[in-house]
1. Looking at Phe54, Phe15, which one is surrounded by 12 or more Cβ atoms within 10 Å (Cβ to Cβ), within 30 Å of Val77 (Cβ to Cβ) and of a type in the set (Phe, Trp, Tyr)?
2. Examine the range 65-76 for a residue that is part of a loop (DSSP other than H, G, I, E, B) and of a type in the set (Phe, Trp, Tyr), and state whether such a residue exists.
3. Considering Val73, Val77, which residue is aliphatic (A, V, I, L, M), loosely packed, with under 12 Cβ neighbours inside 10 Å and over 19 Å from the mean Cα position of the chain (by Cα)?
4. Please tell me if Glu21 is acidic (Asp, Glu), surrounded by 13 or more Cβ atoms within 10 Å (Cβ to Cβ) and either more than 30 Å from Glu76 (Cα to Cα) or not assigned by TED's automatic domain parsing to the domain that holds Cys79 (or both).
5. Would you confirm, using the coordinates I've provided, whether Cys82 is at pLDDT 85 or above, in contact with a His (Cβ under 8 Å, 6 or more places away or on another chain), closer than 30 Å to Lys12 by Cα and in a helix (DSSP H, G or I)?
6. Kindly provide the set of residues from the range 1-20 that are in contact with a strand residue (DSSP E or B) (Cβ under 9 Å, 6 or more places away or on another chain) and assigned to a helix (DSSP H, G or I), ordered by number.
7. Filter the range 31-51 down to the residues that are assigned to a loop (DSSP other than H, G, I, E, B) and surrounded by 10 or more Cβ atoms within 10 Å (Cβ to Cβ), then identify the one that is modelled with the lowest pLDDT.
Amino acid sequence: MPDLEIKCLHCKQVFVFTEKEQEVFYRNNWHQPQYCPKCRSKKLMKSENAPKKFEIICDHCGKKDLVPFQPKVGREVLCRNCHEALRAKTRYL
């Protein structure tokens with residue numbers, strides 16, 4: 001199966017439906033996508049089944065960010081950048 005170029009029904013941009021993606025869709029008995037990955041993800045985030053995001057203020061840098069969990073009172077909460085930096089730092093200890 002060669003890669004396919006498909007025109008998105010929403011934004012009208014052409015996107016590539018790769019051979020690997022085609023195999024996954026075929027295996028799961030799904031129809032080929034009609035929307036580009038960007039429009040699909042926007043549509044998913046607007047749906048009722050979308051994961052809820054909670055606004056936080058980072059305890060390290062003070063930046064506002066969204067997290068996919070309800071922060072608990074009294075527990076430290078970090079933005080994505082501070083969380084990744086802390087993970088990278090502790091990974092090599």
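1. Selected residue: Phe54, the only one of Phe54, Phe15 that is surrounded by 12 or more Cβ atoms within 10 Å (Cβ to Cβ), within 30 Å of Val77 (Cβ to Cβ) and of a type in the set (Phe, Trp, Tyr).
2. Among the residues of the range 65-76, at least one is part of a loop (DSSP other than H, G, I, E, B) and of a type in the set (Phe, Trp, Tyr), which makes the answer yes.
3. Val73
4. Yes, satisfied.
5. no
6. Glu19
7. Looking at the filtered set, the residue picked out is Ala50.
Let's see how each residue does on (1) of a type in the set (A, V, I, L, M, F, W, C); (2) more than 30 Å from Asp3 (Cα to Cα):
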site	(1), (2)
Arg27	no, no
Cys39	yes, no
Lys42	no, no
Asn49	no, yes
Cys58	yes, yes
Pro68	no, yes
Arg75	no, yes
Ala85	yes, yes
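The values are calculated or read from the model by the stated rules, or taken from the named source; none is laboratory data. Just so you know, these numbers come straight off a predicted model, no measurement behind them. Because the Cβ atoms are built from the backbone with ideal geometry, glycine has one as well, and the counts that use them run over all protein chains shown.
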